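First the structure, in the form of structure tokens, and then the observations on it.
The values are calculated or read from the model by the stated rules, or taken from the named source; none is laboratory data. Model, not experiment: these values are computed from the prediction. Reconstructed Cβ throughout: ideal geometry from the backbone, glycine too, with neighbour counts over all protein chains shown. When the accessible area is computed, the model is the full protein with side chains, heavy atoms only, and any ligands, DNA or RNA have been set aside. Shrake-Rupley method; radii C 1.70, N 1.55, O 1.52, S 1.80 Å.
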Amino acid sequence: MNIDKIPFYQHDLGAPELASVAEVLKSPILTTGETVANFEKLFAELLGSRYTIGVTSCTGGLHISLLALGIGEGDEVITTPMTFIATATSILEAGAIPVFVDVEPETGNLDANKIEAAITPRTKAIMPVHLYGQMCDMRSIKRIAQTHNLYVIEDSAHCVEGRRDGVAPGELSDTACYSFYATKNLTCGEGGAITTNNEHLADKLRLLRSHGMNKTASDRAVEGYSHWDMVEMGWKYNMDNIQAALLLPQFERLEQNWNKRKILFERYTEILSGVSQITVPQIKAGVVHGYHLFVIQVDKGLRDQVISYLQSNGISVMVNYRPVHLMTYFRTSFGYNPGDFPIAEEFGDGAISLPFFPQMQITQVERVCATVKDFFAQFPDRKNVSNDFARVASTKK
Ligand SMILES: *Cc1c(COP(=O)(O)O)cnc(C)c1O
């Protein structure tokens, strides 16, 4: 019955990861130790950052990045509503206030041209999100941050391999945070990392990820017991050796998997750009895409019907994202209403994420596309309006 199902995502962890975890199980240290240090070294090299701090989630990484920069009660942080809720809730966890700025219609990324209008005397930082793996315009964001003396923290949960104008995540910011959650390009089930080029920040983040203790459990196991102290208020966010063991073998497949996703992304684009009712992802000049998600835009009046049709044909899909400001909690706590960030709403209301993972077969991509086309054959005249808008914008670049 289920033979023909196409999953939304499938991890490719297997024999190399089993062997790597088996090695850790032979050692006495399961928590943060040498394997985490090995992961941190490789990840820093990959991103060209001086330091990596392994944590248990991207959300935790964003939270302690804010705290390490002294951001808290009464401070404002500018971010995007077109993201997973964790971007905004990390700001709330730090005691600060998320201030949303609308997005670009073509990419769904934070619109750098709209940031300055949202800056107030309480603004302390900008938190851009590299949506679907396409980086924001970090050079512009950095320029604005410098002019107004703001910190920059990147939510790079979607972007490890992506670059823009030769810039890597973490290169122009104070910290960049990554996610190794179950469906991310690199995964260990649950996990995350922070990169930074600032030694003082790196030291502080290591304290904050581990209760604010000045010695780790692994230090004590290796060196023998000596008194430790709690020197700061800290959290329990330290990545452990088992998580690191799951991540390490994946570095060897990183480029190969990126290439596989690139081929799938391009095949999807090739087929679906010929369908007038669909907008395919728009990629800006100077962008090397990270290829995390493949998200199309359709007429928002038909979006949920498209989802049902795909699901009833055995094709799993997601929506990334329904905008954060319209979640019940944000509406009731902050009084947001539909219309507050119209471009993000338009973008989110038309978005459908199609199945996308490295071992996906080209024939599966073609079947997804054929099913989408079948659906729209019922609505030959239903053009995606926002679509034309995006196409015009992208040809003008
Ligand atoms: C997955 C995700 C997060 C949260 O990552 P966790 O590791 O699950 O905390 C944050 N922001 C974005 C954009 C994400 O996609």
Quiz item: Limited to segment 89-109, what total is found for residues that are more than 14 Å from the ligand (Cβ to nearest atom) and at positive phi?
Solution: 1
Self-check item: Single residue of I71, I64, I6 found to be within 29 Å of G166 (Cα to Cα) and either within 16 Å of the ligand (Cβ to nearest atom) or open to solvent by less than 30 Å² (accessible area, probe 1.4 Å) (or both)
Solution: I64
Quiz item: Taking segment 268-282, which residues are surrounded by 16 or more Cβ atoms within 10 Å (Cβ to Cβ) and touching a residue at least 60 places away in the same chain (Cβ under 8 Å)?
Solution: Y268, I271, L272, V275, Q277, I278, T279, P281, Q282
Self-check item: Positions within segment 102-147 being open to solvent by 30 Å² or more (accessible area, probe 1.4 Å) and hydrophobic (A, V, I, L, M, F, W, C), in sequence order
Solution: A117, I119
Practice problem: Go through (1) under 30 Å from L92 (Cβ atoms); (2) of a type in the set (S, T, Y); (3) within 16 Å of the ligand (Cβ to nearest atom) and name the single condition Y336 misses. | Solution: (3)
Quiz item: With (1) open to solvent by less than 40 Å² (accessible area, probe 1.4 Å); (2) within 21 Å of L42 (Cα to Cα) as the list, and D240 as the residue in question, which single condition is left unmet?
Solution: (1)
Practice problem: Being at pLDDT 95 or above, open to solvent by 30 Å² or more (accessible area, probe 1.4 Å), more than 28 Å from G166 (Cα to Cα) and not polar (S, T, N, Q) narrows it down to one of L46, L42, L30, so name that one. | Solution: L30
Self-check item: Subset of segment 37-61 (residues that are more than 30 Å from A117 (Cβ to Cβ) and either within 16 Å of the ligand (Cβ to nearest atom) or outside the structural domain of T187 (by TED's automatic domain parsing) (or both))
Solution: F39, F43, T52, I53, G54, V55, T56, S57, G60
Quiz item: Within the set of pairs 6+ apart or on separate chains, which have a first residue in segment 305-319 that is in the same structural domain as F356 (by TED's automatic domain parsing), a second that is aliphatic (A, V, I, L, M) and surrounded by fewer than 15 Cβ atoms within 10 Å (Cβ to Cβ), and C-beta atoms under 9 Å apart?
Solution: G314/I3
Quiz item: In segment 171-184, what count of residues is obtained for those that are within 11 Å of the ligand (Cβ to nearest atom) and either within 10 Å of the chain's Cα centre (by Cα) or not hydrophobic (A, V, I, L, M, F, W, C) (or both)?
Solution: 7
Quiz item: Given the structure, is F357 of a type in the set (A, V, I, L, M, F, W, C), in a loop (DSSP other than H, G, I, E, B) and surrounded by 15 or more Cβ atoms within 10 Å (Cβ to Cβ)?
Solution: yes
Exercise. Please specify each residue of segment 202-221 satisfying the condition of being free of Cβ contacts under 8 Å to residues at least 60 places away in the same chain and either open to solvent by less than 50 Å² (accessible area, probe 1.4 Å) or on the phi < 0 side of the Ramachandran plot (or both).
Key: D203, L207, G212, M213, N214, K215, D219, R220
Quiz item: So which residues in segment 153-170 are more than 13 Å from the ligand (Cβ to nearest atom), without any contact (Cβ under 8 Å) to a residue 60 or more places away in the chain and surrounded by 24 or more Cβ atoms within 10 Å (Cβ to Cβ)?
Solution: none
Quiz item: Q297 is checked against (1) within 20 Å of Q277 (Cβ to Cβ); (2) assigned to a helix (DSSP H, G or I); (3) open to solvent by less than 30 Å² (accessible area, probe 1.4 Å) and fails just one. What number does that condition carry?
Solution: (2)
